[in-house]
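Novice: The structure under discussion is supplied below as structure tokens; questions concerning it will follow.
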Amino acid sequence: LLARLEHERWMKERTAQGFEPGPARYGRVRPDLVPWERLSDEARTRNIQAVRRIPEMLARVGFQVLRNSGSP
């Protein structure tokens, strides 16, 4: 879920910067600028791996991820 949300955030950011979807990466064209459902398995895997690295990155600067016991 977090990988999907991050992809949606990234898409909004890139779109606001004038990027567009296209078949290959060049200039302001990005092939991954599509909804999560249309991403390739490879692109989804990259997103998931990036999200899984978040706790480690935070730990390096003295933070940690904690589960909120009050949320579902």
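The values are calculated or read from the model by the stated rules, or taken from the named source; none is laboratory data. Every value quoted in this text rests on a predicted model; they were computed, and no experiment measured them. Note: ideal-geometry Cβ built from the backbone for every residue, glycine included; neighbour counts use all protein chains shown. Ligands, DNA and RNA are stripped out before the accessible areas are found, and what is left, the full protein with its side chains, is counted by its heavy atoms. Shrake-Rupley method; radii C 1.70, N 1.55, O 1.52, S 1.80 Å.
Novice: On the accessible surface of the chain, probed at 1.4 Å, how many percent belong to carbon and sulfur atoms?
Specialist: Ligands and nucleic acids excluded, carbon and sulfur reach 54 percent.
Novice: Further question on the same structure: Normalised by the number of residues in the chain, what is the relative contact order in percent for Cα pairs under 8 Å and 6+ residues apart?
Specialist: 26 percent
Novice: Could you give the dipole magnitude of region 7-72 about its Cα centre, charging the beta-carbon of Lys and Arg +1 and that of Asp and Glu -1, in debye to the nearest 20? Write out the running numbers ahead of the final one.
Specialist: On the way: 13 positive and 8 negative charges, 36 e Å.
Once rounded to the nearest 20, the dipole reads 180 debye.
Novice: Can you find, among Pro31, Leu66, Thr15, the residue sitting farthest towards the positive end of the charge dipole of the chain, where Lys and Arg contribute +1 and Asp and Glu -1 at Cβ?
Specialist: My answer, from the dipole projection, is Leu66.
Novice: With every protein chain left in place, what is the accessible area per residue of the chain in square angstrom, probe 1.4 Å?
Specialist: Values: 5960 Å² over 72 residues.
Averaged over the residues of the chain, the accessible area is 83 Å².
Novice: To the nearest 10 degrees, how steeply does helix 41-52 sit against the main Cα axis of the chain, on a 0 to 90 scale?
Specialist: 30 degrees
Novice: What do you get for chymotrypsin sites (Phe, Trp or Tyr not before Pro) in the chain restricted to DSSP loop and a cutoff of at most 13 other Cβ within 10 Å of the site's Cβ?
Specialist: Answer in residue order: Phe63.
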